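Read through the structure below, which is laid out as structure tokens, and then see the notes.
Read-outs: derived from the displayed coordinates by stated rules, not from any lab. Owing to the predicted nature of the structure, the values given are computational and were not obtained by experimental measurement. As a convention, Cβ positions derive from the backbone with ideal geometry for all residues, glycine included, and neighbour counts pool all protein chains shown.
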């Protein structure tokens with residue numbers, strides 16, 4: 001059996017303290033020959049967008065899973081999943097999401113959780129309540145030890161390119177649909 005190849009991507013070095021125990025676990029698993037940790041990357045999806053997408057494009061074929069963690073709005077996890085599925089059509093790479101805790105601002109923590117749990121239909125991020133330091137360890141354990149789920153590529157939504165008048169007309173149609181739904185409940 002080939003050893004599993006994983007990477008870690010976090011949004012900020014300030015998240016590293018919440019990663020320490022999980023990184024130590026990965027080091028132990030790597031020492032035991034159970035996994036190869038290809039890289040541990042710090043890349044903000046907001047400040048390093050091009051670098052992130054380029055890295056995913058260059059590395060996705062050589063990885064089985066990526067443990068992706070971020071705080072605040074945690075756009076990083078969903079972006080890794082969306083780009084893997086819809087841009088590079090990867091049917092193998094599993095994205096495991098972790099929400100990091102902001103001990104000063106609970107809104108940031110809640111936003112990090114919602115950034116993973118409220119992804120649109122079609123997203124395939126593995127998230128089993130992985131929150132903070134303990135969640136990062138559990139996410140790493142999942143990536144190393146558990147059976148990785150199959151990836152099912154879905155069709156992308158069609159792009160709509162409209163004039164302003166067409167957009168207004170379509171908005172009116174959608175308003176009517178919403179009204180009809182609310183009156184039938």
At 222 nm, what helix-only mean residue ellipticity would the chain give, in deg cm²/dmol to the nearest 500, using -39500 (n - 2.57) for each DSSP H run of four or more? -14000 deg cm²/dmol
What's the exposure ranking of 144, 104, going from fewest to most Cβ atoms within 10 Å? 104, 144
Which order do 170, 4 fall in if you start with the one that has the fewest other Cβ atoms within 10 Å? 170, 4
Quick one: helix 164-183 against the long Cα principal axis of the chain, what's the angle to the nearest 10°, folded into 0 to 90? 90
So how tilted is helix 16-31 from the main axis of the chain? Cα-based, degrees 0 to 90, rounded to 10. 50
Against the 2.2 N^0.38 Å rule of thumb, the C-alpha Rg of the stretch 1-108 sits at a ratio of 1.06
Determine, from the Cβ-Cβ distance of residue 180 and residue 114 and an R0 of 35 Å, the FRET efficiency 1/(1 + (r/R0)^6), rounded to the nearest 0.05. 0.75
One computes Rg over Rh for the chain from alpha-carbon atoms, with the Kirkwood Rh, and obtains 1.06
Assuming 0.36 nm per residue, please report the length gained on full extension of the stretch residue 44 to residue 147 beyond their Cα-Cα distance. 34.2 nm
Provide the gained length on full extension for the span residue 105 to residue 88, in nm with one decimal, where the gain is 0.36 nm per separating residue minus the Cα-Cα distance. 2.6 nm
With the 8 Å Cα cutoff and a minimum separation of six or more residues, the chain has a relative contact order in percent of 23
Here the alpha-carbon Rg of the stretch 122-185 over 2.2 N^0.38 Å rounds to 1.95
